[in-house]
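The values are calculated or read from the model by the stated rules, or taken from the named source; none is laboratory data. Quantities reported herein were computed from a predicted structural model and do not represent experimental measurements. FYI the Cβ positions are ideal-geometry reconstructions off the backbone, even for glycines, and counts take in every protein chain you see. The protein model used for the area step is the full one, side chains on, heavy atoms only, and it has no ligands, DNA or RNA in it. Shrake-Rupley method; radii C 1.70, N 1.55, O 1.52, S 1.80 Å.
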Amino acid sequence: MKYTPFWGCMISIKYPQFEASIRKTVDKLGIELADVEGFTCCPDPIYYQAKDKMEWLTIAGRNIAVAEEAGHDIVTCCSGCTSTLSEANHILKENTELREKVNQKLKKVGKEFKGTIRVRHIVTAIRDDIGIDKVAETVTKPLKGLRVGIHYGCHLLKPSAIMQVDDPDHPAILADLVRATGAEPVEHKLGLLCCGKACMSDEIPDRMVIDLIESIEAVKADCMGLICPTCFDEFDLGQIVLNRKYQKNFELPVIYYFQLLGLAQGLEPKELGLHFHKIKAGRVTEKVAAA
Amino acid sequence: MSGKLLANAVSERQNLKVTSTVKQVQLRQAEISFDFRQKLNDTLEGFRHNYCYQCGACVADCPAARYAPEYNPRLILLEALLGFEEELIGENSIIWLCTNCYNCFERCPQDVRPVEVIISLKNMSVERGTSPEEIAKISESVLKVGSTTFITPLVDRRRKELGLPSLKEIPVEELKEILED
């Protein structure tokens, strides 16, 4: 299967280890990621959309039009990009008036939104086009005994009418993918809580993240597993900040799904950039080495 | 016009205080602005606020409301219906506590999509110049360099260490061109 990857700013610039973990794992699934020239920021669904929704839609429409020229579906790797590009793709496919408005703008640079491709988070594309069984087949070093507390994040699943990925109240997609690596997905009481990043308050997101980390610690998971770099930011760097601000002793490793898959495919922690994380992944890598 | 309607608005708010389970609702004299309502109706999804029948389904599953009882999406919708411009898009509006989690979008039986109405309100706040500075900071970065984050030598080093290709050029000029009127 050939896709156009949309890496986004957070992953390509801030967390390139996630890009590396995807590039190094998905070829074994029979996925070809054919990069294209000409993408910009998606743009982000929180700040830019708050600034001007019409501009947000226009920029997103341009990015989708760039991918349409290559002819393959977009796969996103960040839940923010997923939110922006999926919603914009939906709006521009459904609403002819807005499509015309956006296309008038795009015409100035010789581009046009045609509505010919799909946009999905890469985990969704893998589940639907490749299959969870195929993921399990690529595993050479099952992560036996590794307990992963899953954090779904908001924008992979919601709004479900547009995303059409999974039941937003009882999702299974990430647990199924984690299970395919041989690890054990562990349920915890706040698995569906938002990371709080978009809430513009000094204190509310802190309390959300504290509760989330404690929720995962309470079920004795070895790490948190997720698929969104913004959530990652909140939890990885976030724990360091919270430890200082509230005298906590959090040290829960936060692992991007494709880093888990990489370990299960026998890649070294360094190849997956685990050493770049603020919270060191020692307890994960030790358990994996012992498995 | 707004002077005449002031009393009504205040009495609605007092009523609200009596019936609401949220005690933190602040009472202030509020003016009804028809201009504001008209403008909200004209935004991309702002018109949806008219479908709200105040059932409160959006509140129970709202993380911002759980952590900050003064935040209540039902009351935001009520204030939109009443045309309380200052409360919603004045300085330090409560709307900026929204986490954009879309739970209210999932729950609303009227397809109001409260989060989308709130995004419309945010757009109006930006236009008025009352939005938090992060909004301008990040959107300016998108328009200036094409991304929300800046590329530093450390980024290039990390990418190289991970065996990744160098970053592609971002066509910022094209971005500017499509946004011009």
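May I ask you to list the residues in the stretch A:1-48 that are assigned to a loop (DSSP other than H, G, I, E, B) and charged (D, E, K, R)? Talk me through it step by step, then tell me what you get.
Initial filter on the stretch A:1-48 (assigned to a loop (DSSP other than H, G, I, E, B)): A:1, A:7, A:15, A:30-31, A:34-46.
Result: A:Asp35, A:Glu37, A:Asp44.
Which one of these does A:Ile91 not meet: (1) within 13 Å of chain B (Cβ to nearest Cβ); (2) surrounded by fewer than 21 Cβ atoms within 10 Å (Cβ to Cβ); (3) β-branched (Val, Ile, Thr); (4) not in a helix (DSSP H, G or I)?
Here A:Ile91 meets the rest and fails (4).
For A:Ser83, only one of the following conditions fails: (1) assigned by TED's automatic domain parsing to the domain that holds A:Ala60; (2) surrounded by 16 or more Cβ atoms within 10 Å (Cβ to Cβ); (3) over 13 Å from the mean Cα position of the chain (by Cα). What is its number?
(3)
Count, please, the residues in the stretch A:130-168 that happen to be under 18 Å from the mean Cα position of the chain (by Cα) and facing chain B (nearest Cβ under 10 Å).
10
Which members of the stretch A:18-35 meet the condition of being charged (D, E, K, R) and open to solvent by less than 10 Å² (accessible area, probe 1.4 Å)?
Of all residues in the stretch A:18-35, those charged (D, E, K, R) come to A:19, A:23-24, A:27-28, A:32, A:35.
If the condition is that a residue be charged (D, E, K, R) and open to solvent by less than 10 Å² (accessible area, probe 1.4 Å), then A:Glu19 is the only one that fits.
Select from the stretch B:46-79 the residues that are within 16 Å of the chain's Cα centre (by Cα) and either over 30 Å from A:Asp211 (Cβ atoms) or among the basic types (Lys, Arg) (or both) and list them in ascending order.
Result: B:Gly46, B:Phe47, B:Arg48, B:His49, B:Arg74.
Any idea which residue in the stretch B:17-46 is surrounded by the fewest Cβ atoms within 10 Å (Cβ to Cβ), counting only those that are among the small types (Gly, Ala, Ser) and modelled with pLDDT of 60 or more?
Keep residues of the stretch B:17-46 that are among the small types (Gly, Ala, Ser), which gives B:20, B:30, B:33, B:46.
With the extra rule that they be modelled with pLDDT of 60 or more, the set shrinks to B:30, B:33, B:46.
On the way: B:Ala30: 22, B:Ser33: 20, B:Gly46: 23.
So, considering only residues that are among the small types (Gly, Ala, Ser) and modelled with pLDDT of 60 or more, the one surrounded by the fewest Cβ atoms within 10 Å (Cβ to Cβ) is B:Ser33.
Filter the stretch A:82-98 down to residues that are in contact (Cβ under 8 Å) with a residue 24 or more places away in the chain and out of contact with any Asp or Glu (no Cβ under 8 Å at 6 or more places or on another chain), then give me how many there are. Reasoning before the result, please.
As a first pass, look at the stretch A:82-98 and keep what is in contact (Cβ under 8 Å) with a residue 24 or more places away in the chain: A:82-92, A:98.
Adding the requirement that they be out of contact with any Asp or Glu (no Cβ under 8 Å at 6 or more places or on another chain) leaves A:82-83, A:85-92, A:98.
Of the residues in the stretch A:82-98, 11 are in contact (Cβ under 8 Å) with a residue 24 or more places away in the chain and out of contact with any Asp or Glu (no Cβ under 8 Å at 6 or more places or on another chain).
With respect to B:Thr148, is the statement that it is farther than 29 Å from B:Glu85 by Cα, surrounded by fewer than 16 Cβ atoms within 10 Å (Cβ to Cβ) and either among the β-branched types (Val, Ile, Thr) or touching a Lys or Arg at 6+ places or on another chain (Cβ under 7 Å) (or both) true?
Values: farther than 29 Å from B:Glu85 by Cα: yes; surrounded by fewer than 16 Cβ atoms within 10 Å (Cβ to Cβ): no; either among the β-branched types (Val, Ile, Thr) or touching a Lys or Arg at 6+ places or on another chain (Cβ under 7 Å) (or both): yes.
It is false that B:Thr148 is farther than 29 Å from B:Glu85 by Cα, surrounded by fewer than 16 Cβ atoms within 10 Å (Cβ to Cβ) and either among the β-branched types (Val, Ile, Thr) or touching a Lys or Arg at 6+ places or on another chain (Cβ under 7 Å) (or both).
Table: residues versus (1) assigned by TED's automatic domain parsing to the domain that holds A:Asn243; (2) polar (S, T, N, Q).
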{"site": "A:Gly115", "(1), (2)": "no, no"}
{"site": "A:Arg127", "(1), (2)": "no, no"}
{"site": "A:Gly149", "(1), (2)": "yes, no"}
{"site": "A:Asp176", "(1), (2)": "yes, no"}
{"site": "A:Asp202", "(1), (2)": "yes, no"}
{"site": "A:Arg207", "(1), (2)": "yes, no"}
{"site": "A:Ser215", "(1), (2)": "yes, yes"}
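So is A:Gly38 within 30 Å of A:Thr140 (Cβ to Cβ), at the interface with chain B (Cβ under 10 Å from one of its Cβ atoms) and open to solvent by 10 Å² or more (accessible area, probe 1.4 Å) or not? It would help to see each step written out before you state the result.
Working: within 30 Å of A:Thr140 (Cβ to Cβ): no; at the interface with chain B (Cβ under 10 Å from one of its Cβ atoms): yes; open to solvent by 10 Å² or more (accessible area, probe 1.4 Å): yes.
Criteria not met by A:Gly38.
Among the residues that make up the stretch A:96-107, is at least one of them in contact with a Gly (Cβ under 6 Å, 6 or more places away or on another chain), at pLDDT 95 or above, within 11 Å of chain B (Cβ to nearest Cβ) and under 27 Å from A:Cys228 (Cβ atoms)?
The initial filter retains those residues of the stretch A:96-107 that are in contact with a Gly (Cβ under 6 Å, 6 or more places away or on another chain), namely A:102.
Okay, now just the ones that are also at pLDDT 95 or above, so A:102.
Narrowing further to those that are within 11 Å of chain B (Cβ to nearest Cβ): A:102.
In the following step, the residues that additionally are under 27 Å from A:Cys228 (Cβ atoms) were identified as A:102.
There is at least one residue in the stretch A:96-107 that is in contact with a Gly (Cβ under 6 Å, 6 or more places away or on another chain), at pLDDT 95 or above, within 11 Å of chain B (Cβ to nearest Cβ) and under 27 Å from A:Cys228 (Cβ atoms).
Residues to consider are B:Leu164, B:Leu179; find the one that is surrounded by 19 or more Cβ atoms within 10 Å (Cβ to Cβ) and facing chain A (nearest Cβ under 7 Å). Break it down stepwise before answering.
On the way: B:Leu179 fails: surrounded by 19 or more Cβ atoms within 10 Å (Cβ to Cβ).
Of the residues listed, the single one that is surrounded by 19 or more Cβ atoms within 10 Å (Cβ to Cβ) and facing chain A (nearest Cβ under 7 Å) is B:Leu164.
Test A:Asp44 against the stated conditions and say whether it is at negative phi, open to solvent by less than 30 Å² (accessible area, probe 1.4 Å) and within 7 Å of another protein chain (Cβ to nearest Cβ). Spell out how you get there, then give the answer.
Numbers: at negative phi: yes; open to solvent by less than 30 Å² (accessible area, probe 1.4 Å): yes; within 7 Å of another protein chain (Cβ to nearest Cβ): yes.
In short, yes.
Just to be sure, is B:Pro132 facing chain A (nearest Cβ under 7 Å), surrounded by fewer than 22 Cβ atoms within 10 Å (Cβ to Cβ) and closer than 30 Å to A:Arg62 by Cα?
yes
Taking the condition of a type in the set (D, E, K, R) and facing chain A (nearest Cβ under 10 Å), does B:Arg113 pass? Before the answer, list the steps.
Values: of a type in the set (D, E, K, R): yes; facing chain A (nearest Cβ under 10 Å): yes.
Yes; evaluated as a whole, the condition is true for this residue.
Regarding A:Ile122, is this residue within 17 Å of the chain's Cα centre (by Cα) and under 24 Å from A:Glu19 (Cβ atoms)?
Numbers: within 17 Å of the chain's Cα centre (by Cα): yes; under 24 Å from A:Glu19 (Cβ atoms): yes.
When the stated conditions are applied, A:Ile122 passes them.
Among the residues of the stretch B:47-58 satisfying the criterion of being in contact (Cβ under 8 Å) with a residue 40 or more places away in the chain and either closer than 17 Å to B:Thr99 by Cα or of a type in the set (Phe, Trp, Tyr) (or both), which is surrounded by the most Cβ atoms within 10 Å (Cβ to Cβ)? First the steps, then the outcome.
Step one: filter the stretch B:47-58 for residues in contact (Cβ under 8 Å) with a residue 40 or more places away in the chain, giving B:48-49, B:51-53, B:55, B:57-58.
Now drop any that are not either closer than 17 Å to B:Thr99 by Cα or of a type in the set (Phe, Trp, Tyr) (or both), which leaves B:51, B:53, B:57-58.
Values: B:Tyr51: 14, B:Tyr53: 10, B:Ala57: 19, B:Cys58: 27.
In this case the residue turns out to be B:Cys58.
Restricting to the stretch B:135-156, give me the number of residues that are farther than 21 Å from A:Cys81 by Cβ and either facing another protein chain (nearest Cβ under 8 Å) or touching an Asp or Glu at 6+ places or on another chain (Cβ under 9 Å) (or both).
Residues flagged as farther than 21 Å from A:Cys81 by Cβ and either facing another protein chain (nearest Cβ under 8 Å) or touching an Asp or Glu at 6+ places or on another chain (Cβ under 9 Å) (or both) within the stretch B:135-156 amount to 1.
Within the stretch A:228-286, take every residue that is in a helix (DSSP H, G or I) and touching a Cys at 6+ places or on another chain (Cβ under 6 Å) and give me the one that is most open to solvent (accessible area, probe 1.4 Å).
Of the stretch A:228-286, the ones in a helix (DSSP H, G or I) are A:229-246, A:257-264, A:274-276, A:282-286.
Of the ones still in play, those that are also touching a Cys at 6+ places or on another chain (Cβ under 6 Å) are A:229, A:231, A:234, A:284.
Details: A:Pro229: 0, A:Cys231: 8, A:Glu234: 32, A:Val284: 0 Å².
Among those that are in a helix (DSSP H, G or I) and touching a Cys at 6+ places or on another chain (Cβ under 6 Å), it is A:Glu234.
Condition check: in a helix (DSSP H, G or I), more than 19 Å from the chain's Cα centre (by Cα) and touching a residue at least 40 places away in the same chain (Cβ under 8 Å). Does A:Thr58 satisfy that? Walk me through how you get there before you give the answer.
Working: in a helix (DSSP H, G or I): yes; more than 19 Å from the chain's Cα centre (by Cα): yes; touching a residue at least 40 places away in the same chain (Cβ under 8 Å): yes.
Considered against the rule, which asks whether it is in a helix (DSSP H, G or I), more than 19 Å from the chain's Cα centre (by Cα) and touching a residue at least 40 places away in the same chain (Cβ under 8 Å), A:Thr58 comes out as yes.
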